[in-house]
Amino acid sequence: MPVTVEVPVEKWAGTVRPVVLGATAAEGGTRSHSLTLGGQATLPFLGFEAKAPHPPRVAVEVWNRNPGEDWPEPLTSAWGAVLDDPAAWTQAAEATGADLIALRFATVDETGAPMTGGKARQVFKAVLKATGLPLIVFGPGQAELDNEILVAVAEEGAGERLLLGSCEDKNYRTIVAAALANGHFVTARTPMDVNLSKQLTILIHDMGMPLERIVTDPTTGALGYGIEYGYSVMERLRLAALQGDTMTQQPMLVTPGEEAWRTKEARAAEGVPAAWGDWATRALNWETMTAAALVESAADIVVLRHPETVRRIKHMIAELQQA
Amino acid sequence: MALSGLEIYKLLPASSKDPAEKAHGNCKECGYPTCLAFAMKLAAKQAELAACKYISEASKAKLSAAAQPPIRLITLAADGRSSKAGNEIVLFRHEKTFYNPAGIFVRVADTLPADEIRSQAQAVADYKVDYVGLALRLDGVAVEVASGDPAQFAAAVAAASAAQIPLILMAEDPAVMAEGLAQAGGVTPLLCAVAHTFADSLSALTQLRRLALKKNFRPLGYPAIAFPYLGGGGADMEMILAGQQIAKYAGFVVLSRFEPAEVYPLLVLRANLFTDPQKPIQVEPGVYPINKPTADAPVLVTTNFSITYFAVANEMESSGLPAWLLVADAEGMSVLTAWAAGKFDAEKIAKTVKGTSIADQVAHRKVVIPGHVAVLMGELEEELPDWQIKVGPREAVDLPRFLKTAW
């Protein structure tokens, strides 16, 4: 006797807020196209409930200088000589299939001298010219230098709808003001906590920043280094968004590339157990697995570092979008 | 799905429409003053249904059905090793926890020579990797009939079972399966292969889990098995799909091959996602060498909350600076939380310094405490008169700079 099974379908009150990055010439910028995030009306990739209008996007990191010793060999060798030239690196990143370029400024320039707003402008201009993709720009994560660099970049790229990061609870006002004045967007970074994420979104919104211009960065740990906290915080934020909590409905950006390539699994060539397997394969798999788990738990942008991870994650997303 | 006390009460004699049964309502023979009180105890699982002598057979059947777990527990056992799946009660780990880590099996085809099957099964059985003091292991081998020949399949199963780990037998023809089973002896055969691609697997496994938990749909209340190598994405997509299936919501996952560089991240992902959110992973207290430290390297104290440990260890690893990381048993709490709870005080730090081999490892007598517990400095100087106490930064990210300038 055939059994009729009624598939349980969840009805949600809320949707993720659409955010449109990058401005074309018609919109006052120079990007070849803009990119929409968000809009989902259900949990990730449950096509039987609702088609996601926009898939998660992959951003690739480009630095203002060669990361050198900061990056382990399997990562630097994947890019080769382009690491010395941000514009060439940007083009190589675009060629991997990146949806966005994430320009990350270090505290120093290619000679080891401290970064300045003026130098940042030059690098930014070169990268902007090298690609038509929408851009994310990250400061080095030190409040004073973040402000100097991001204000300079915001002015230089006025009208481009850049995503500027990272706003944190201790330092967001200057970045938000610069983004407001020049038509940009901001990321709101908080340490793996649902309420802190919501609170920072409210604070930034209170400065007059429209919610349509805020992307949250709930942060994550790498696989094996606390990913379960980031994973669950993202699931909880997305559930809250779908349940109709308007201040949690921002698209989410996370940086699995940065986290995964800091781990011992990615960095240690020798002196590790044989059970860890081949270094280059394991290191790459560490970034892949970290990024993949975060895509499953509702990331809208994953910022990656290795070209092969980009290919794999793009493939995974394309497969999942077929639902 | 568990019934509430009131729902149970409606099935007890006091609520019965049958006068004969109703006459026994609130009879107190079960030891409780009323049927309602008994129902509450039943709901709290503090009483046995058998204590009621007058409940109708129909009610009894309903109650015992409700007491069954929505997803049955399945145990695949071999001599001394077993792999369990099922008994899950939530869709999201933050709602409670995921209980039984998805079993990870490696496929071997029966077309391989018996020696090769034996050695692969042994490699899977022996694989062990340490992760913050936990020994992570694979669960077993899945023997697949690729030959179509019952005798060859039986020989392959016999070769694999020498490793004494749980087995999954994969054969469509019942006659072939019977031959294999005869060799395995007492293996629990497994259920439903489900949809294979990324999208189909996620939809199907989510629907199965929801039907079991939200609709209490018994016929599908069993763990599912997944075969990520059938996802069609090519060899390097298999690990990613296996990761998805571990997260959402397979009971067993069969890999097409044994590759340590893929197995290790999968085992760590599983260990992370199946951690009870209310009992965070703790790091084994003790001395952790970072970047091959010598006797001159700095000694840094922190707590055994995994995230705290990782924050410090990661910053130090990536800085390239050598150090001895001294992890105190703070019952798995972060620095500030542990300090506030009295689990990371001068006494505890002193005990950690004295109770480990750190004094033998280093030639100096200087120890760095986290900036958040700078107030402990005076007390700690009394507890550790031979040691110079230095106050480090509050955040791990500032450690490399601190060590370059202040050590």
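The values are calculated or read from the model by the stated rules, or taken from the named source; none is laboratory data. Nothing here was measured: the structure is a model prediction, and the numbers come from that model. Note: ideal-geometry Cβ built from the backbone for every residue, glycine included; neighbour counts use all protein chains shown. Each accessible area value is taken on the protein alone, full model and side chains, heavy atoms only, with ligands, DNA and RNA left out. Shrake-Rupley method; radii C 1.70, N 1.55, O 1.52, S 1.80 Å.
Leaving out ligands and nucleic acids, note down the accessible area per residue over region A:29-322 with a 1.4 angstrom probe, in whole Å². Write out the running numbers ahead of the final one.
Numbers: 9360 Å² over 294 residues.
Heavy-atom SASA per residue in region A:29-322 reads 32 Å².
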Pairwise label distance in nanometres, residue B:68 with residue B:215, each label 7 Å out on the Cα-Cβ vector: 1.7 nm
Where does helix B:306-319 land angle-wise versus the long Cα axis of chain B, in degrees 0 to 90, nearest 10? 50 degrees
Delta accessible area of at least 10 Å² on complex formation, residues of region A:218-233, 1.4 Å probe, chain isolated as reference: A:223, A:224, A:225, A:226, A:227, A:228, A:229, A:231, A:232
Within the set B:146, B:102, B:61, GNM on chain B using Cα springs under 10 Å gives the largest fluctuation to B:61
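Which trypsin sites (Lys or Arg not before Pro) does region A:115-204 hold that lie in a coil by DSSP with at most 14 other beta carbons within 10 Å?
Working: sites: A:119, A:121, A:125, A:129, A:161, A:170, A:173, A:189, A:198; in loops: A:161, A:170.
Listed in order of number, the matching sites are A:170.
Set the bar at 25 Å for Cα to Cα. Now go through A:51/B:248; B:28/B:214; B:17/B:60; B:128/B:343 and name every pair that lies beyond it.
On the way: A:51/B:248 19 Å; B:28/B:214 35 Å; B:17/B:60 15 Å; B:128/B:343 32 Å.
Those over the limit are B:28/B:214; B:128/B:343.
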Rounded to a whole %, the carbon-and-sulfur portion of the accessible area of the protein assembly as shown at a 1.4 Å probe is 53 percent
Checking an interface number: how much accessible area is buried between A and B, summed over both chains, with a 1.4 Å probe, in Å² rounded to 100? 4500 Å²
Region B:116-159 -> Rg/Rh from Cα coords, Kirkwood Rh, value 1.16
For region B:5-67, the percent of all C-alpha pairs falling in each 5 Å bin, from 0 up to the bin holding the max distance, is 4, 21, 36, 28, 10, 1
Suppose each label sits 7 Å from its Cα in the direction of the beta carbon; what would the residue A:69-residue B:377 distance come out to in nanometres? 3.0 nm
Calculated Rg and Dmax of chain A using C-alpha coordinates, Å: 19.4, 77
Enter the per residue convex hull volume of chain B, computed from alpha-carbon coordinates, in Å³ rounded to the nearest integer. 201 Å³
With Rg and the Kirkwood Rh both taken from Cα atoms, where does Rg over Rh land for region B:74-273? 0.95
Take the Cα pairs of region B:1-118, get the Kirkwood Rh, then feed it into Stokes-Einstein at 25 °C and 0.890 mPa s and tell me D in µm²/s. 138 µm²/s
Leaving ligands, DNA and RNA out of it, work out the accessible area of residue B:300 with a 1.4 Å probe and give it in Å² to the nearest 10. 10 Å²
Evaluated at 10 °C and 1.306 mPa s, the Stokes-Einstein D of region B:261-340 based on the Kirkwood radius over Cα pairs, in µm²/s, stands at 116 µm²/s
Under the definition of partner shielding as Cβ atoms of other protein chains within 10 Å of a residue Cβ, what is the mean value for peptide A:257-268? 3
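Summarise the partner chain shielding of B:229-237 as one whole number: the mean count of Cβ atoms from other chains within 10 Å of each residue's Cβ. Write out the running numbers ahead of the final one.
Details: counts 0, 0, 2, 1, 5, 2, 0, 8, 6.
Across the residues of B:229-237, the mean count of other-chain Cβ atoms within 10 Å is 3.
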Convex hull (Cα only) mean projected area of region A:1-125, reported in nm² to one decimal: 13.2 nm²
Using +1 at the C-beta of Lys and Arg and -1 at the C-beta of Asp and Glu, which of A:260, A:133, A:33 has the Cα lying farthest in the positive direction of the dipole of region A:29-322? A:33
Helix-derived mean residue ellipticity, 222 nm - over chain B, DSSP H n ≥ 4, -39500 (n - 2.57), to 500: -11000 deg cm²/dmol
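Please give the charge dipole size of chain A, origin at the Cα centre, charges +1 on K and R Cβ atoms and -1 on D and E Cβ atoms. Round to the nearest 20 debye.
On the way: 27 positive and 39 negative charges, 106 e Å.
In total the dipole reaches around 500 debye.
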For chain A, built as a Gaussian network whose Cα springs stay under 10 Å, the top-fluctuating residue of A:188, A:26, A:179: A:26
Minimum 10 Å² accessible area buried by the other protein chains, region B:263-282 residues, probe 1.4 Å, relative to alone: B:264, B:265, B:268, B:269, B:272, B:273, B:280, B:281
Reciprocal of mean inverse Cα separation for region B:286-406 (Kirkwood radius, Å): 14.0 Å
Computed label-point distance, nm, for sites residue A:278 and residue B:79 using a 7 Å Cα→Cβ extension: 3.5 nm
Most mobile of A:263, A:281, A:15 per a Gaussian network model of chain A (Cα springs, under 10 Å)? A:281
Please work out the Cα center distance from region A:56-122 to region B:332-407, rounded to the nearest Å. 37 Å
Rounded to 10°, Cα long-axis angle of helix B:150-161 versus longest principal axis of chain B: 40 degrees
About the Cα centre, charge dipole magnitude for the protein assembly as shown (Lys/Arg +1, Asp/Glu -1 at Cβ), debye: 2040 debye
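Report, as a whole number in µm² per second, the diffusion coefficient that Stokes-Einstein gives for region B:37-189 at 37 °C and 0.692 mPa s using the Kirkwood radius over alpha carbon pairs.
For the chosen part, D equals 179 µm²/s.
Would you mind classifying region A:249-323 by shape? Square roots of the alpha carbon gyration tensor eigenvalues, ordered a ≥ b ≥ c; an a/c under 1.5 is rounded, otherwise it is prolate if a/b is larger than b/c and oblate if not. All intermediate terms of the calculation are to be shown ahead of the outcome.
On the way: a/c = 2.72, a/b = 1.90, b/c = 1.43.
Note, shape of region A:249-323 comes out prolate.
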Expressed as an acute angle from 0 to 90° and rounded to the nearest 10, what is the orientation of the C-alpha long axis of helix B:114-126 relative to the principal long axis of chain B? 60 degrees
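What 222 nm value per residue comes from the helices of chain A, counting each DSSP H run with n ≥ 4 as -39,500 (n - 2.57) and dividing by all residues, nearest 500 deg cm²/dmol?
Mean residue ellipticity at 222 nm (helix-derived): -12000 deg cm²/dmol.
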Cut-off 14 Å, label point 7 angstrom out along Cα-to-Cβ of residue B:294: give me the residues of region B:384-407 whose amide nitrogen falls inside. none
Per the 1/(1 + (r/R0)^6) rule, R0 = 30 Å and r from the Cβ atoms of residue A:270 and residue B:361, FRET efficiency to 0.05 is 0.90
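With every protein chain kept in place and ligands, DNA and RNA left out, what is the accessible area per residue of region B:74-273? Probe 1.4 Å, answer in Å². Numbers along the way, then the final one.
Details: 7020 Å² over 200 residues.
That works out to 35 Å² per residue.
Compute the normalised compactness of region A:55-188: alpha-carbon radius of gyration over 2.2 N^0.38 Å, N being the residue count. Don't jump to the answer; show the numbers that get you there.
On the way: Rg = 14.0 Å, N = 134, 2.2 N^0.38 = 14.1 Å.
Relative to the 2.2 N^0.38 Å estimate, region A:55-188 comes out at 0.99.
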Work out from phi, with θ = phi - 60° and the Karplus expression 6.51 cos²θ - 1.76 cosθ + 1.60, the ³J(HN,Hα) of each residue of region B:11-25, listed in order in whole Hz, and give x for Gly and Pro. 9, 8, x, 4, 9, 5, 8, 7, x, 5, 6, 4, 4, 8, x
Dimensions (Å) - the protein assembly as shown, Cα atoms, principal axes, largest first: 89, 71, 66
